[in-house]
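Since the structure comes first, as structure tokens, the remarks are kept for the end.
The values are calculated or read from the model by the stated rules, or taken from the named source; none is laboratory data. Everything quoted here is computed from the prediction, not taken from an experiment. For neighbour counting, all protein chains shown are included, and Cβ atoms are generated from backbone atoms with ideal geometry for every residue, glycine included.
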Amino acid sequence: MFPIAWITLRRITERSMLIQFGVLALVLAYVALGMDSLILSDAGSTEQDGLMVILLFLTAFTFFWTTMEIPREIERKEASVYLSKPISRTRYLLGKFIGMTGMTLGGEAALLTVFSLCMLIKGVRPSSWTLFAAARTALFLVMLNALCCFASICLGEVRGLFLVGAVCLIGACICAVPVLAWASFHPATSWGWVIAHYLAPDLLHYRWEPPPQLRGGYLADLLIYTAGWCILLLGFSRTILVYKDLS
Amino acid sequence: MATADADPSAASDAPPPSRPAPPAAPVIAVRADHPVRPRRIPEPILLLLVVAAALALGVPADRRIRRIQNLADQLSRREQPVFVPFSDMLADRVTLKVHWNQLLDARAAALTRGDADALATATYALLGLADAHQEIGVEMSLPYLLDLVQRYGSDPVTIKAYAALLQPVFLSKTLPNHPAYVQKMVDFAAAQPGGGIQLLATLADTLQSNHESALAIKVLKQIRASGAVRFDTEASMRQLLAMLGPSDPDAADLKSELAALHPLRAQMSDEAGWYAKFTSAGGKGVLRKLETLRAQVPATPLNAFTASADARLIDLYLREGRFRDAVRLRRRFTDYSGSDLENAALFVQGWKPPGDAAHHPTPAKQAAWVAANMPDSVGVNTERWRALLLAGREADANALANQLFAGPMSYLAKPAADLTDAAMGRVSRLSPVLVLHPPEGDVPLEMQGAASVLTAEFDLAPNAPSTSASIHTHIELWLSSDSFLQIVQADEPRSPPPKPVVTKHDDDPWHDEYVDFFTAPDCWPNFANHWAVTATGTTWDAREEIAFNPNQSKRRTDKSLELGLKVTAARTATGWTMRILVPRKLLIPPGSTIVRFNARRGRHDMHAARLVNQYYTWAPIPGIDPRLDLMGWLVVPQ
């Protein structure tokens, strides 16, 4: 499992990856150093802009790279080579997941470091919110990686992209479902809404701004919630992979 | 991107597995030549375990996160910290639910207090909310309606609940109980004034729409039992006739009564059409126009519409000082029973404006039309009572007064009893009374040469213990056949006296020192004449409408009245004096009579360093307000 994870993670040193992350780092430096003096004077807004840029980039990165990774390895028979070794499909799957997640989180850590340094050079000390938002983003990326793994194993590369997009769209709106359940006047309908809420990850959880005193508990619960979704998605992925004909 | 040969080499560099693979046959047959550890747990069970673990972790965490978010509450306050899709729609749903929950809370509180009215109010609010919003559905209110009628089934507040439970939407769940509900409604209707005809008619309509003919006939027969067919029961009785078989013993009578309504409707249509012209007359010379219109129909016997017209004419005659004409018309009411008033009112309620007969007037226009042309049953019955008093039929008058001055008009019971005493000549029962008498000495210059001069004098008394009793105000009244003279002699210890600020006729005199007088020539609350003069002789006169109503907010003052006051005022060594000469015509009927009367002095100096605000009256009046219902009696003897 870990060798496969390491092989996957090691690809962050490839030139194309470095170029992508390098460009993004420049953008972040510009945001941290320039935008607040040129356009905005609000350091809080600079932090939000930077974190938003990181989130958008890493979401897109995960969306494309993770969804493509396993189908392409299967297509090129690389997966068959791995599995010809004494490596189970479960370990292969977990290895790919850990590798892609590690690459994403490593990239986030690097970008966050660049961004924070630039802010410090500018004379603005990153707030505790930055750490909270970075942790929240990391958990979202972990969940997204699991979703991409599941979608790519389930439907292949292109259709997997559509599945991830659809689930994310549903996940962005599914926060309405518990509210509808609460506001429902019929108990059966309420239960239906509540069950429907667990058919997709609630992405509002990864955007919510709790009061500062609740951030720690919120992150702990978000971590468990993310773990639950990862277990579910990877569990289904493993089952599909077990029965998948890779020959 | 990884190359195809890089990864396998890296994988081959990896350390060997810590546990050798067992020799069992592989479950996953990727390659037959490499060993795969046999699976100990069947795949479906493993998947179930994974799902269970995911749910065990995710669901509680999700619930805790949502508790922190408290999204429903944030949406209801529209204060959520991040963008939420469909937030407006969700906020509306949440607001509706919050409203529903508030009503449930109000209902629970009413249950705890045992407050039937509050419980009914909350339940009907739930019913209204459920009926108005499709997402709730009126069926949601059923348990609350059932609970209400179960707890307070005999209380009239549950009428609406019974009516709702009989609606078709609840038919499948309440049908077995309909006979009991209908019986309750019939009982409630029987306890209502007029037999609850409207309630029963609505109930019969509902039952007919439910195809519950037997119950509908029962209700319609209850309406039938209320008496002969009238305009308000006509539609219901036609329903009943259609539902009754020809063998029913009442069918023939009912048919003939319904047939008899046709000529009555035609007659009332003519009468109401004439009255509509009468009520629409206005503008300059309205009294002459009304007299002309009244002359177009027979003076007697009166019907609801001609009696209403006469009541209006009497009021106008009294305001014009035509007291004899008022009495002449009033005597016509002696033999009028007023029995057709209710039917006439019912006819007008369903009558459309003649010009709009072919059209459909708006509800507001229809309501205005009905209100304008409705027979004036209060005015007519008041005149009937006055006519009976004029005729000396005190017992009949009292019987009518007991019906008339009850309920919302009970505030008139005391003035009615006083007026009965006055009309019957029981002056000793009236208080305070001032009886005019022939003069014993010289008459004032203004009265010299006048016929039938009478006089009286009195002092005003302070109306509060804190008001100085040593400041005297003496008033002499002089009445002739044409004029009414008041001579006022007032003490004023302040020197210099307060500077006058009112200098123009009909400006409010209450900002100065003043004296004012009140008379109600008809001794009744339709109006009272009111005139005031300041210490420097500035005059003010007006007519106080709805004079006896103790609810001052409903009283209004008509300053257009001009009494023709002539005033002379002068300073004296001890205060001031004043002579006010007023034509008698509008104030006191000719000949021997009794009128309501009062006099008052106000010591108002708004510009003094310390506000002086004192009142002296003849008929005692507490407080600042003139309280015209507390006026005394001025007796003009033969």
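Kindly indicate which of B:A106, B:A91 is modelled with pLDDT under 95, surrounded by 14 or more Cβ atoms within 10 Å (Cβ to Cβ) and closer than 27 Å to B:S76 by Cα.
Answer to the selection: B:A91.
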Residue in the range A:226-243 that is more than 7 Å from chain B (Cβ to nearest Cβ), among the small types (G, A, S) and over 30 Å from B:I136 (Cα atoms) present: yes
Residues that are of a type in the set (A, V, I, L, M, F, W, C) and modelled with pLDDT under 90, drawn from the range B:192-222: B:I197
Selection count, the range A:190-202, where residues are in a helix (DSSP H, G or I) and either more than 10 Å from chain B (Cβ to nearest Cβ) or buried (at least 22 other Cβ atoms within 10 Å of the Cβ) (or both): 6
Tabulated pairs, the range B:388-401, first in contact (Cβ under 8 Å) with a residue 24 or more places away in the chain and at negative phi, second among the β-branched types (V, I, T) and in a helix (DSSP H, G or I), C-beta under 6 angstrom, 6+ apart or interchain: B:A391/B:T334
Tally of residues being within 14 Å of B:L203 (Cβ to Cβ) and at pLDDT 85 or above across the range B:225-248: 5
Residues being assigned to a helix (DSSP H, G or I), closer than 12 Å to A:A176 by Cβ and facing another protein chain (nearest Cβ under 7 Å) - total across the range B:67-109: 6
Hey, A:S84 touching a His at 6+ places or on another chain (Cβ under 7 Å), surrounded by fewer than 19 Cβ atoms within 10 Å (Cβ to Cβ) and within 12 Å of chain B (Cβ to nearest Cβ) or not: yes
Residue satisfying all of: in the range B:419-433; out of contact with any strand residue (DSSP E or B) (no Cβ under 8 Å at 6 or more places or on another chain) and in a helix (DSSP H, G or I); surrounded by the most Cβ atoms within 10 Å (Cβ to Cβ) among these: B:L419
Of the criteria (1) surrounded by fewer than 13 Cβ atoms within 10 Å (Cβ to Cβ); (2) within 29 Å of B:A122 (Cα to Cα); (3) not hydroxyl-bearing (S, T, Y), which one B:F83 fails: (2)
Cross-chain or 6+ apart pairs with Cβ under 6 Å, the range B:477-499 first and in contact (Cβ under 8 Å) with a residue 60 or more places away in the chain and buried (at least 19 other Cβ atoms within 10 Å of the Cβ), then hydroxyl-bearing (S, T, Y) and assigned to a strand (DSSP E or B): B:A490/B:T473
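Please enumerate the residues belonging to the range B:516-545 that are among the hydrophobic types (A, V, I, L, M, F, W, C) and under 25 Å from B:P415 (Cβ atoms).
Scanning the range B:516-545 gives B:F517, B:F518, B:A520, B:C523, B:W524, B:F527, B:A528, B:W531, B:A532, B:A542.
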Test: residue in the range A:164-181 that is more than 11 Å from chain B (Cβ to nearest Cβ) and in contact with a Ser or Thr (Cβ under 7 Å, 6 or more places away or on another chain): yes
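Only strands (runs of 3 or more DSSP E) wholly contained in the range B:552-638 count here; list those with 1 or more residues that are under 20 Å from B:P462 (Cα atoms) and assigned by TED's automatic domain parsing to the domain that holds B:P497.
B:575-583, B:593-605, B:612-617, B:632-636
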Scope the range A:207-222; condition more than 8 Å from chain B (Cβ to nearest Cβ) and assigned to a helix (DSSP H, G or I); matching residues: A:P212, A:Q213, A:R215, A:G216, A:L219, A:A220
A:L161 vs. criteria away from chain B (no Cβ under 12 Å), buried (at least 17 other Cβ atoms within 10 Å of the Cβ), part of a helix (DSSP H, G or I) and of a type in the set (A, V, I, L, M, F, W, C): yes
